[in-house]
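Structure first, commentary second.
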Amino acid sequence: MMHVQNRQLVVPGELIADGPYRTREGVFREGNFIYSSVVGLTDLHEKEVRVIPLQGKYMPLRDDLVVGVVVDAFSSGWALDLNSPYTGKLFVSSLLGRKVDLNREDISKYLSIGDVVVVRIDDVDEELNVMLGAGGEPGLGRIKEGKIIEISPTKIPRVLGKKGSMLRILEENTGCRLTVGQNGRIVISGKDQNMVNAAVEALFMIEREAHTSGLTDRVRLMLEKTRIGGS
């Protein structure tokens, strides 16, 4: 039984549900009862319950797509800032998707400190050592062009929307390609600078108003007006 409505604002300790629901982030179970562990918005489904925090740093999860920034180099790879309390390690073999002879190959030609890289989290161990990978998957690797913005990682589900609905609206109405990292960093690639700027404005609007209803329609209307006005 649910004790709150979907997308309802809740506080730590508030009763969310009782019953055999699966629990995800933002909640904890005591016996048959499920409570919120954070200030956030409920995300309720038929078989699972979670609370999306309104604020918070990104916590790495296996298989997440993230946008990292190279902050250090070592003999076989690089350390990446992930907008998280934990950095990630990207080995050159994981970047290229092949074995590398470190005695014969200069890996500095692939990445330098300050480079932005789209990677996937391959593994997170019990000590929260984060292993990253990019080889063999289209769209991953060093970002060569595009505008990068950062929003709260907790608002990324709203940027994506249900089954990617919000992301489709953003891309279709701006003509831009958006690479959305679960860690709150988004890369916007487009030829029309006005529409790139419109995408940025829409993303910050989503971040500000993620907790409100009717947001999808407001974002679509804003982008349509910008597109028509600039044509």
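The values are calculated or read from the model by the stated rules, or taken from the named source; none is laboratory data. Just so we're clear, the structure is a prediction, and the values are computed from it rather than from any experiment. Please note: Cβ atoms are built from the backbone with ideal geometry, for glycine as well, and neighbour counts cover all protein chains shown.
Structure notes:
- Exactly one residue out of L167, L80 is of a type in the set (A, V, I, L, M, F, W, C) and over 15 Å from the mean Cα position of the chain (by Cα): that is L80.
- D64 vs. criteria farther than 30 Å from N6 by Cβ and of a type in the set (D, E): no
- Check on G133, crowded, with 18+ Cβ neighbours inside 10 Å, over 14 Å from the mean Cα position of the chain (by Cα) and not hydroxyl-bearing (S, T, Y): yes
- Test for R185: is it over 28 Å from V69 (Cβ atoms), of a type outside the set (A, V, I, L, M), surrounded by 15 or more Cβ atoms within 10 Å (Cβ to Cβ) and not assigned by TED's automatic domain parsing to the domain that holds L80: no
- Residues that are at pLDDT 90 or above and in contact with a Ser or Thr (Cβ under 7 Å, 6 or more places away or on another chain), drawn from the stretch 14-47: E14, I16, V27, F28, R29, I34
- Number of the condition not met by N173 [criteria: (1) surrounded by 15 or more Cβ atoms within 10 Å (Cβ to Cβ); (2) within 25 Å of K57 (Cα to Cα)]: (2)
- The one condition in (1) of a type outside the set (D, E); (2) part of a strand (DSSP E or B); (3) modelled with pLDDT under 95; (4) under 30 Å from D106 (Cα atoms) that P60 fails to fulfil: (2)
- Being surrounded by fewer than 13 Cβ atoms within 10 Å (Cβ to Cβ) and either assigned by TED's automatic domain parsing to the domain that holds F91 or within 20 Å of V130 (Cβ to Cβ) (or both) holds for only one residue in D72, D64, and it is D72.
- Where a residue in the stretch 84-103 is outside the structural domain of G135 (by TED's automatic domain parsing) and over 24 Å from Q182 (Cβ atoms) and its partner, wherever it lies, is of a type in the set (V, I, T) and assigned to a loop (DSSP other than H, G, I, E, B), with Cβ under 7 Å and at least six apart: none
- Any hit, the stretch 150-169, residues being of a type in the set (S, T, Y), touching a residue at least 12 places away in the same chain (Cβ under 8 Å) and under 29 Å from S94 (Cα atoms): yes
- Set V51, V38, V66: member being without any contact (Cβ under 8 Å) to a residue 60 or more places away in the chain, in a strand (DSSP E or B) and closer than 18 Å to P157 by Cα: V51
- Residue in the stretch 89-109 that is within 26 Å of the chain's Cα centre (by Cα), assigned to a strand (DSSP E or B), at pLDDT 90 or above and of a type in the set (G, A, S) present: no
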